[in-house]
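Written out below as structure tokens is the structure these notes cover.
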Amino acid sequence: MTYPINEKQHLTVDGVDTIELAKTYGTPLAVYDVTLIRKTMRAFKRIFEQENVPYVVSYAGKAFATKAIYQVAAQENIHADVVSGGELYTAIKADFPTQHLSFNGNNKSYDELVMAVENGVGTIIVDNFLELQLLSEITAEKNVIQDILLRISPGISAHTHEFISTGQQDSKFGFDLQTGQAKQAYDIAIKDNHLHLRGLHAHIGSQIFDVTGFEKNAALLADTAYSWGWQPEVINTGGGFGIRYTDEDQPLPENEFADAIIRVLKEKATQYDWAMPEIWIEPGRSIVGPAGQTLYTVGSRKDIPGIRNYLAVDGGMGDNIRPALYQANYEAVLANQPNAKSEEIVRIAGKYCESGDVLVWQEELPATKPGDILSVLATGAYGYAMASNYNRNPRPAVVFVENGQHQVVVERETFEHMISLDQDYTLGDK
Ligand code: LLP
């Protein structure tokens, strides 16, 4: 890999010097290349436009849910999917058009459903019988009609980490197909005067590298609807398109996934003599993952001769839990000189009190010294989104870069922020 640099040999993001960003905003710092985000959003849309099929590209906000990213998605006129009251609140506060939101989740509360209906969320993706009942009551009481999709667990296993694989039959998500629960849900929903059942949804997993699962999923959703004697308006095949974290990952270009889904559904529409259904996809990782990186400052090191060299940085599992949780691999570069020759192999560890607190399991780096800036690449999805205050470390700031300019879109958390909800304990004062 060669990395973008400026005349000082520093790593750049969309033309901006990462060393300057680290100096200006401090580290750890999550940095996003908004030009690349827009490019990916447009690329997804273009595939469907070229194929001339009705479509919705819906950004899966869970990958990185902040006001700023919902604003970029709105500017690019793509939809977004939320999975909690908190994500919905963020999108609303970002002035995201709620009609372009969908709401997923396996245990949406009554309050969350009311919030969604009251705020005009375009589509609720109903996951289970309780939700169907609650939504029926809420919409009847408010005398509104709510568009819904039914989420199906399709019984398709995708080749990915078990924790992020969702399509297999043994899953907490969606109505089970094999046991007839999905058909039962359909029978209830289709009769409900306040629910407008538009179609079916199934998501098979995340970080997937081949098209077969998506093809099977699209075909299964179409076949399922047909077997119920029903012509759906929408087929939503979820997200899950794999990205490159390291050389081990060989992602397909985004058009191959979408093209495969389009091809299958065109065939099904012809076979069943349907009007072409709207094809919805929900990419999260592929939109924000490659566009994000995290800058850290190098601190202490521990060299164990013959065993391993540990290089510690000022962040870790609190801003990126993925290596610890999924054994995820990343690539890191010395931001001062990313294209310099490697001299040693190190494990990049964080500052958290836990042995599993690793950011990069194994990386070849040039010589480094305390104070150098390291960038861990492709951290844009499920990095900041899964950040925590473990060990009471504040969460990083987030900066968006576009056209040579940069702006903080999430302030760095302070110690004060972290204790702002804490209360002094008084019951013991006797
Ligand atoms: N739609 C639904 C219904 C989903 O459950 C997901 C991800 C997506 C779309 C977006 O999938 P993507 O395009 O981002 O792969 N925390 C894990 C990933 C969990 C994904 C959960 N669902 C990770 O860090 O790898």
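The values are calculated or read from the model by the stated rules, or taken from the named source; none is laboratory data. All of these numbers come straight from a predicted model, not from anything done at the bench. Using ideal geometry, Cβ is built from the backbone for each residue, glycine included, and neighbour counts are taken over all protein chains shown.
In region 199-228, how many are away from the ligand (no atom under 16 Å from the Cβ) and either in a strand (DSSP E or B) or closer than 20 Å to Ile261 by Cα (or both)?
At the first step, the residues of region 199-228 found to be away from the ligand (no atom under 16 Å from the Cβ) are 212, 215-216, 219, 222-228.
Narrowing the set further to residues that are either in a strand (DSSP E or B) or closer than 20 Å to Ile261 by Cα (or both) leaves 212, 215-216, 219, 222-227.
Selection size over region 199-228: 10.
Name the pairs whose Cβ atoms lie under 6 Å apart, with the first residue in region 119-133 and more than 9 Å from Gln146 (Cα to Cα), the second in a loop (DSSP other than H, G, I, E, B) and modelled with pLDDT of 95 or more, and 6 or more positions between them or separate chains?
Listed by first residue and then by second, the contacts come to Ile125/Asn104; Asp127/Asn106; Asp127/Gly174; Glu131/Lys108.
Considering Tyr55, Tyr32, Tyr70, Tyr59, which residue is within 16 Å of the ligand (Cβ to nearest atom), without any contact (Cβ under 8 Å) to a residue 60 or more places away in the chain and in contact with a strand residue (DSSP E or B) (Cβ under 7 Å, 6 or more places away or on another chain)? Steps first, please.
On the way: Tyr55 fails: without any contact (Cβ under 8 Å) to a residue 60 or more places away in the chain; Tyr32 fails: without any contact (Cβ under 8 Å) to a residue 60 or more places away in the chain; Tyr59 fails: without any contact (Cβ under 8 Å) to a residue 60 or more places away in the chain.
Testing whether each residue is within 16 Å of the ligand (Cβ to nearest atom), without any contact (Cβ under 8 Å) to a residue 60 or more places away in the chain and in contact with a strand residue (DSSP E or B) (Cβ under 7 Å, 6 or more places away or on another chain) leaves just Tyr70.
Within region 96-106, how many residues turn out to be under 20 Å from the mean Cα position of the chain (by Cα) and either free of Cβ contacts under 8 Å to residues at least 24 places away in the same chain or over 22 Å from Gly238 (Cβ atoms) (or both)? First the steps, then the outcome.
In the first step, residues of region 96-106 are kept if they are under 20 Å from the mean Cα position of the chain (by Cα); the result is 96-98, 100-106.
If we keep only those that are either free of Cβ contacts under 8 Å to residues at least 24 places away in the same chain or over 22 Å from Gly238 (Cβ atoms) (or both) as well, we get 97, 101, 103, 105.
Total meeting the criteria: 4.
I'd like the full set of residues that are farther than 16 Å from Gly174 by Cα and acidic (Asp, Glu), limited to region 131-148.
Matches in region 131-148: Glu137, Glu141, Asp147.
Taking region 273-297, which residues are outside the structural domain of Val360 (by TED's automatic domain parsing) and of a type in the set (Phe, Trp, Tyr)?
Trp274, Trp280, listed by residue number.
Just a yes or no: is a residue in region 85-97 among the aliphatic types (A, V, I, L, M), within 13 Å of the ligand (Cβ to nearest atom) and in a loop (DSSP other than H, G, I, E, B)?
Initially, region 85-97 is screened for residues among the aliphatic types (A, V, I, L, M), giving 88, 91-92, 94.
Retained after the next criterion (residues that are within 13 Å of the ligand (Cβ to nearest atom)): none.
Within region 85-97, none of the residues are among the aliphatic types (A, V, I, L, M), within 13 Å of the ligand (Cβ to nearest atom) and in a loop (DSSP other than H, G, I, E, B).
Results for (1) at pLDDT 95 or above; (2) closer than 22 Å to Trp280 by Cβ; (3) away from the ligand (no atom under 15 Å from the Cβ), shown as yes or no for each residue.
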site: Phe163; (1), (2), (3): no, no, no
site: Phe175; (1), (2), (3): yes, yes, no
site: Asn193; (1), (2), (3): yes, no, yes
site: His196; (1), (2), (3): yes, yes, yes
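Tell me, which residue of region 262-313 that is assigned to a loop (DSSP other than H, G, I, E, B) and within 16 Å of the ligand (Cβ to nearest atom) is farthest from Glu331 (Cα to Cα)?
To start, the set of residues in region 262-313 that are assigned to a loop (DSSP other than H, G, I, E, B) comprises 273-277, 282-284, 289-291, 305-307.
Those left that are additionally within 16 Å of the ligand (Cβ to nearest atom): 282-284, 289-291.
Values: Glu282: 26, Pro283: 22, Gly284: 20, Gly289: 13, Pro290: 11, Ala291: 14 Å.
By that ranking, first place goes to Glu282.
Name the pairs: first residue in region 370-391 and farther than 11 Å from Leu359 by Cβ and in a loop (DSSP other than H, G, I, E, B), second residue more than 11 Å from the ligand (Cβ to nearest atom) and among the aliphatic types (A, V, I, L, M), Cβ to Cβ under 7 Å, at least 6 apart or on different chains?
Pairs that qualify, where the first residue is farther than 11 Å from Leu359 by Cβ and in a loop (DSSP other than H, G, I, E, B) and the partner is more than 11 Å from the ligand (Cβ to nearest atom) and among the aliphatic types (A, V, I, L, M), are Pro370/Val298; Gly371/Val298; Asp372/Val298; Asp372/Leu334; Gly380/Ala291; Asn389/Met418.
Please state which of the following conditions Ala185 fails to meet, knowing it meets all the rest: (1) modelled with pLDDT under 95; (2) over 20 Å from Ala60 (Cα atoms).
Condition not satisfied by Ala185: (1).
Give region 6-30 a look and list any residue that's farther than 12 Å from Ile373 by Cβ and over 28 Å from the mean Cα position of the chain (by Cα), or say none.
Listed by number, the residues that qualify are Asn6, Glu7, Lys8, Gln9.
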